[in-house]
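Comments concern the structure below.
The values are calculated or read from the model by the stated rules, or taken from the named source; none is laboratory data. In this text the structure is predicted, and so the values were computed from the model without any measurement. Quick reminder, even Gly has a Cβ in these numbers, built from the backbone with ideal geometry, and neighbours come from all protein chains shown. For accessibility, only protein heavy atoms count, side chains too; no ligands or nucleic acids. Shrake-Rupley method; radii C 1.70, N 1.55, O 1.52, S 1.80 Å.
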Amino acid sequence: MSGELKKEQVLKIIKSKGKEKEQLLAILLEIQQASGQNYVDKKWARLVADELGLPLTKVYDALTFYAMFSTEPRGKYIIEICQSAPCHVMNKAALVQMFEKQLGIKMGETTPDGLFTLQYSACFGACDLAPAVKIGEKVYGKLTAQKVAEIIANYRGVSVCPK
Amino acid sequence: MQKTGKAAKKVTVSIDGRPVTVPEGTTILEAARQAGVKIPTLCHHTDLKPRATCRLCVVEVKGQRRFQTACNTPVADGSEILTNSKAIREARKTILELLLADHPQDCLKCVRNQNCELQKLANEYQIREVAFERSEKDLPLENTNPSIVRDMNKCVKCGRCVEVCQEVQQVAAINTANRSVDFGVSTAYGESLADSPCVYCGQCIAVCPVGALTEKDDTARVWEALDNPELHVVVQTAPAVRVALGEEFGWAPGTISTGKMVAALRRLGFAKVFDTNFTADLTIIEEGNELLQRIKEGGVLPMITSCSPGWINYIEKFYPELLPHVSTCKSPQQMFGALAKTYYPEKAGIPAEKIFVVSIMPCTAKKYECTRPEMQSSGYQDVDVVLTTRELARMIKQAGIDVEALSEEEYDAPLGISTGAAVIFGASGGVMEAALRTVYEVVTGQELKDVDFKEVRGLTGIKEATVDLAGTKVKIAVANGLANAKVLLEKIKAGQCAYHFIEIMCCPGGCIGGGGQPLGTTVAIKEKRLEATYDIDRGLKLRKSHENPAVKTLYEEFLEKPLGHKSHELLHTVYSKRKY
Ligand code: SF4
Ligand code: SF4
Ligand code: FES
Ligand code: FES
């Protein structure tokens, strides 16, 4: 399940960060980005642990502590719906429904084509757009079912025809 | 924690209005204790570094807006501390209610019933109702390995097990993981302990305040065997059990309960009550000769002891390249098993297939050890079931045996005959001392007058000494606890290790501090168990393994000679690298 990542690639990432324990988070993030499935496989976590001289459980603690990491395969695009109070009261539930319907999956799941994962997140400071949603670094707000469909189609398109 | 310099400065503080003077650096918890106030704690353990996660020990310190956690806050000179104000009582109650809100409410069915720190606190604080919404988890029970059962639904997230596994043992099989409501203790990627680096030492069980971590209970299998009229059920007891079992019956730590334990085992229905000490003496003969052979023939040195199964698991998983250093001797428990199904049946005229061997051990790793495929040299599984000290106590209580009222009884011959050298196997340094007593006499041909090798005794993590054997200086080292073992192993790897012989015990303090011993073990209690151990040794006429008459007979009748053909077949083994 470790995607196309190769051991040499992972070793290269570790080396590029000077094999430093202090660089653990940066190393893991780069591995996650390179994984194609937006997660850090156990195999690579162990390699990082061995290379940095850390117990695997310490690496796992970091991976499960920070929200940005996943230890299970996720879609290429993570759709994060804010579940903090301001978005919650602005009918976050309806937004969730729109995405679930459009993608045909439930919150926490990944589309079969491996493109999208739906998940909740804490406030990312877009309360003025509430209910807000974040895909990668981009933030969207005040969405309608039609806009949701457009956004999804856009991401699909981008990944179908390479730029 | 309150490690203070030689001439520590004293500070005076007021605890609930009463002045108390303590060395600078003393925690509020400790200062209060000296003032006669027991502040409630949950995550804190006297032998471990405080993590201060539960906040149950909060107190008010005048002038500070926020409550302070007593377990990790040192007292400041002149401060006024309130441990029992209304606000504090309420805060503690709320913390307990929150804990109980997501704790299973099945205390009646829990092994820790009446021996649970959370239950005790809930009772002290008279929690009768929980105002918070119940938020119980439904996590799977892990009971797929022979030693340790984990029920994370009961975990109160104190972190004691993590501290032990990460710092004291440095195995790091478990750690904190996840955040907010999902925060808890986990292996990496939620793998089973069997797939993790876990060595089954059970030190995590020994510190867990609740029923989240327990030994795999095998008492039912022993009852079944005892009830089976076809079976001849024999039992062996490890050296460290006799100095700890009494705690389970409320006796003072350090009470020697050998005679009563033997009597109780007979009442339980064991056909013969034998002693692992017998094969501890045998181990010394085999291992002592192995050491001399290695020294004489230029074998791999330092040689390292092999009695502790947690230690064997550790080296197989972490330092397989150093395995040639480990003595090929099986542990005394496994030597016993092999003989109980070969030598003993011959002698007693009972077919081996009818013999069922039970061990009473201070250890959870022994449960795993007896299931190893290498441990079947009799043609059967040599040891059928291992019970911990705690499980034996459970059986005695279930049987309604009033140990207090029992008269002391003796072990059965011949596998119950032993010397003082064997009983000290239960203490860190004991195997080394026992070996030296024998090796000295074998090498020098002279009688060893003073058999006490005090340098290798005690709870210190690493002990070193040089012994003069008729002109040959033998350098030895003793380590207990795996973090200490690691220090010596790294030295060996770096080639900076001039030792000839090293003793390693997995558990801090040796078997007396084993993961299967009565709960509530602390350094102070271990000291008592140690004292009792050396008291037994001192009181015995025979204190050297090679003087054991039953071992001599065993060689004459059966084994022929140390390191001989039969010995190799039954008493020695090989180790292998293990992946995790
Ligand atoms: S048994 Fe020992 S090694 Fe295994 S998890 Fe517990 S403390 Fe760690
Ligand atoms: S398993 Fe036990 S020792 Fe470990 S954190 Fe949970 S309650 Fe504490
Ligand atoms: S006992 Fe002090 S914070 Fe838990
Ligand atoms: S009685 Fe408290 S965890 Fe079982």
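What to note about this one:
- Subset of region B:187-198 [touching a residue at least 24 places away in the same chain (Cβ under 8 Å) and either within 13 Å of chain A (Cβ to nearest Cβ) or over 20 Å from the mean Cα position of the chain (by Cα) (or both)]: B:Ser192, B:Leu193, B:Asp195, B:Ser196, B:Pro197, B:Cys198
- Here the condition is being in contact (Cβ under 8 Å) with a residue 24 or more places away in the chain, in a helix (DSSP H, G or I), open to solvent by 20 Å² or more (accessible area, probe 1.4 Å) and within 16 Å of ligand 1 (Cβ to nearest atom); of B:Glu248, B:Glu163, B:Glu167, it holds for B:Glu167 alone.
- Applying the criterion of being within 20 Å of B:Thr276 (Cα to Cα) and among the hydrophobic types (A, V, I, L, M, F, W, C) to the residues of region B:227-239, the residue that is surrounded by the fewest Cβ atoms within 10 Å (Cβ to Cβ) is B:Val233.
- Selection from region A:53-95 of residues that are open to solvent by less than 40 Å² (accessible area, probe 1.4 Å), facing chain B (nearest Cβ under 9 Å) and under 21 Å from the mean Cα position of the chain (by Cα): A:Val59, A:Tyr60, A:Asp61, A:Leu63, A:Thr64, A:Thr71
- Filtering region B:566-580 to residues that are small (Gly, Ala, Ser) and assigned to a loop (DSSP other than H, G, I, E, B) leaves only B:Ser576.
- Screening B:Arg55, B:Arg33, B:Arg92 for residues that are more than 16 Å from ligand 4 (Cβ to nearest atom), at negative phi and open to solvent by 40 Å² or more (accessible area, probe 1.4 Å) leaves exactly one candidate, B:Arg33.
- Every residue from region B:431-480 that is in a strand (DSSP E or B) and either open to solvent by 70 Å² or more (accessible area, probe 1.4 Å) or of a type in the set (Val, Ile, Thr) (or both): B:Ile462, B:Glu464, B:Thr466, B:Val467, B:Asp468, B:Thr472, B:Lys473, B:Val474, B:Lys475, B:Ile476, B:Val478
- Scope region B:109-149; condition open to solvent by 80 Å² or more (accessible area, probe 1.4 Å) and within 16 Å of ligand 1 (Cβ to nearest atom); matching residues: B:Leu141, B:Thr144
- Any helices (runs of 4 or more DSSP H) falling wholly within region B:258-370 and containing at least 2 residues that are crowded, with 24+ Cβ neighbours inside 10 Å: B:258-268, B:276-297, B:309-318, B:332-340, B:365-369
- Looking across region B:359-396 at every residue that is touching a residue at least 60 places away in the same chain (Cβ under 8 Å) and among the charged types (D, E, K, R), the one that is nearest to ligand 2 (Cβ to nearest atom) is identified as B:Arg390.
- Single residue of region B:153-184 satisfying the filter (among the aliphatic types (A, V, I, L, M) and more than 16 Å from the chain's Cα centre (by Cα)) that is farthest from the other protein chains (Cβ to nearest Cβ): B:Val156
- Subset tally (residues that are of a type in the set (Gly, Ala, Ser) and either on the phi > 0 side of the Ramachandran plot or open to solvent by less than 10 Å² (accessible area, probe 1.4 Å) (or both)) for region B:481-509: 4
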